[in-house]
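Since the structure comes first, as C-alpha cells, the remarks are kept for the end.
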Amino acid sequence: MEKAGGCPSVGGSYPQKNAEILSSQYGINLFLAGLLLTFAWAVHAVGISKSHLLSYLITLMLIQLLWMLWYLGRSCTQRRLIRDKDTHAGARWLKCGITLFAVITLILDSFKIGYYIDFSNCLSPTEGIFPVTHAVHTILQVYFLWCHAKDIIQSFKTLERFGVIHSVFTNLLLWTNGVLTESKHQLNEHKERLITLGFGNITIVLDDHAPQCNCTTTTLCSIFSQGIYYLYPFNIEYHILASTMLYVLWKNIGRKVEHHQQHKTPFKFHGITVGMIFGLIVLTSTIAIVVVYLIQIGRSKIKSELALTMFYLHAIFVLALMCTAGIVALLIYRLEDRSLDNSKNPARKLDAELLVGTAAGSWLLSWGSILAIICAQAHPKYTWYNLPYSVLVIIEKYIQNLFIIESIHREQEKVNDDIKTLRIVTISRGSTLSLTPSYKEIYNGRAGLESGEVPCLLKGSVCGRENDRGTKEETSQDKSSVMHSASDISFYSRNSVTNNKRRILKNIAAFLFLCNLSLWIPPAFGCRPEYDNGLEEIVFGFEPWIIVVNLAMPFSIFYRMHSAASLFEVNCKT
C-alpha cells in the first residue's frame, strides 16, 4: 500500500507509456502487412488477387466502424461531463475541407458501384462490397471528426489508443491503395505517350487489370471507368487529411493542457485584394495550361514538346513569383521583434514535420532531373527548361517552409485592431481639444473614465481650470499636453507601419495559398512532366525512374495541399 501510494505519478505513467508504444507497434505492423499485400497485387504475385487486398481493407474498415460507434455511444452517455479540448486541433476550415473531399469520395464510390454492376459477371463480390463499406466508413468518419477531433481522451486510454491508431493506419492503407491504383493508370498513359516522343528503345508493356468480360452497357462503363480516375486525387487527399487529424487525436490521449483562452482567428477577405487577384490569375492560367497540356501531349512529337515547353515556362514564372513573395515575407519578419510560441502543441508540430517530410518527395524528383540533364549525352531543346524548373522547385520549398513554420510559431498580438480610439472632447478657454489616450491605456483599462478619474491628457485643460492654478501653470500644462499628443502621434505612426506590414503579409499568404492550390492541380490530374520528359528514363533506366516517381509523387502532391491548408491558417493568424 505504501509503495503504491508513494509515487502515483511514476506508477501511473508507465502503463500509459507502454500502451502508447504497443499501440504504435500494432499500427505499424497493420500497415506493413497491408502494404506488402498491396505490393503483391501490383506486381501480379502468384496466389494474390485484388479480392484478397480488398477483403483485408474491408475488415480494417469494419473494425474501425465498430470502434467509432462504441466511442460515439459512450460520448452520448457522458455528454454532460466537461471534457478538455485541444483548441488547435480540428480547425473549422480543415473540417470543411475534409467534408468537401469526402463528398467527392462518395461520388467515386457510387461510380465504383456502377462499374461493378456493369461488370458483375467477371468481378469478385468484394469489388462490390468494398465501395459500399467505404461509403459508410466515409460518412461515419467525417461525422466523428466533426464532433470529436478536438477531444483529449482521459478515460479508457489504453483501449482508445488502439482504436485511434487503428483508424490512422486504416486511412493510410486506403490512401496507399488509391495512390497505387491512380499511379498504375497514369503509368499506362505515360507508356503510350513515350512512343510519340520517339523513345522507341524503352520496352512498352501495359499493366492492365481490366475485367476479362464485356460490359453490359458500353456508354456507362466508359463514363464510370474514366470518371473514377479523375476523382481519385480527391479521395487520396481525403484519406491523408483524415489520418493526420486522427494522429493528432492519438497524440492528445491522456495529455494535460493549460487552460488559456484561445483567440478566434476568422478568415477575412478585407485587405487581401491584391494577393487574391494575383493568385486567381495564377490559378486560372494554370487550369488553362493543364487543359492544353492534356490535349496536346501524346498526339505527336512536336505537340508533345510544345506542351512540355509551355508547362516549364509557366511553372518557372510562378515559382519565381512565389520565391520573391516568400523572401519579402521573411524580410518583414526579420524587421519585427516578436517572440515565438514554443508551447507543446501536437497539431502544430505535425504540421511542421509534414511540410519538411513531404517536401522531400519533390526534392528527390528535382535532383533526379538535374542529374539527368547533367549526365545525358543528348539534350532535346525542351529538356533545358527542366533545369531552372527543378532548381526553383527546391529553392521555393526551402523559402516557403521557413515562412510557414515561423508564421505558425509566432505569437499573436495581444492588442486587437478592433479596439477603437477613444476621443474625449473638452472645452478649454473657448477652444475644442481632441485628446486621445494610447492603445495600451485603453486596453489595460487605464483611461479610468468609469471611475470618474480624468485622463492624464486632460490634466492640462480641465484640471487646470478646476484648480484655478493661474496662467503660468496652465501654460506649462498646455505644453505637457502637446508633448503627450506628440507621443501619441508617434505611437499611431508606429501602429500604422505595423498594420501595413500585416497587410503585406496577409496578401503574401493569400497569394501563396492560391499558388499552392494551382501547383496541386497539374500532378493531381495527370499533368506530370516527370513522366513525359523521357530524359530521366534514359539516364536512370525506365523501371528505376518510374519507381522513384511513383514513390515521390504522392508526397509532392500532398505537400501542395498541406501547404495551402497551412497558409490559410497563416492568413487567419496574421
query: Cross-link list 397/506; 112/303; 50/95; 150/256; 349/397: which exceed 25 angstrom alpha carbon to alpha carbon?
result: 112/303; 50/95
- request: State the Cα centre-to-centre distance between segment 314-335 and segment 40-81 in whole Å.
  value: 43 Å
field: Approximate spin-label separation residue 154-residue 29, in nm, with each point projected 7 Å along Cα-to-Cβ
entry: 3.3 nm
query: Between residue 288 and residue 384, what is the label-to-label distance in nm when each label sits 7 Å out along the Cα-to-Cβ direction?
result: 2.7 nm
- request: Name the long-range amide H neighbours of residue 410: under 5 Å, sequence gap of 5 or more, or other chain; modelled H, no Pro or chain starts.
  value: 341
message: Could you check the spin-label model distance between residue 301 and residue 330? Points 7 Å from the Cα along Cα→Cβ, value in nm.
response: 4.3 nm
List 305, 237, ordered by accessible area with a 1.4 Å probe, largest first: 305, 237
- prompt: With r defined as the distance between the Cβ atoms of residue 551 and residue 77 and R0 fixed at 45 Å, what FRET efficiency is calculated, to the nearest 0.05?
  reply: 0.50
- prompt: How much of residue 245 can a 1.4 Å solvent probe reach, expressed as accessible area in Å² and rounded to 10?
  reply: 10 Å²
message: If I stretch the segment between residue 255 and residue 59 completely, what's the gain in nm (0.36 nm per residue apart, minus their alpha carbon distance), one decimal?
response: 67.5 nm
- prompt: Hey, with R₀ at 45 Å, roughly what FRET efficiency would residue 69 and residue 572 work out to, going by the Cβ-Cβ distance, to 0.05?
  reply: 0.85
- request: Using a 1.4 Å probe over the heavy atoms of the protein chains, calculate the carbon and sulfur portion of the accessible area of segment 43-141 as a whole percent.
  value: 70 percent
- line: For residue 152, the residues 5 or more places away or on another chain with a placed amide H closer than 5 Å to its own amide H are 84, 86
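The values are calculated or read from the model by the stated rules, or taken from the named source; none is laboratory data. If you're wondering where the values come from, they're calculated on a predicted model, not measured in any experiment. Reconstructed Cβ throughout: ideal geometry from the backbone, glycine too, with neighbour counts over all protein chains shown. Heads up: the accessible areas ignore ligands, DNA and RNA and are worked out on the full protein's heavy atoms, side chains in. Shrake-Rupley method; radii C 1.70, N 1.55, O 1.52, S 1.80 Å.
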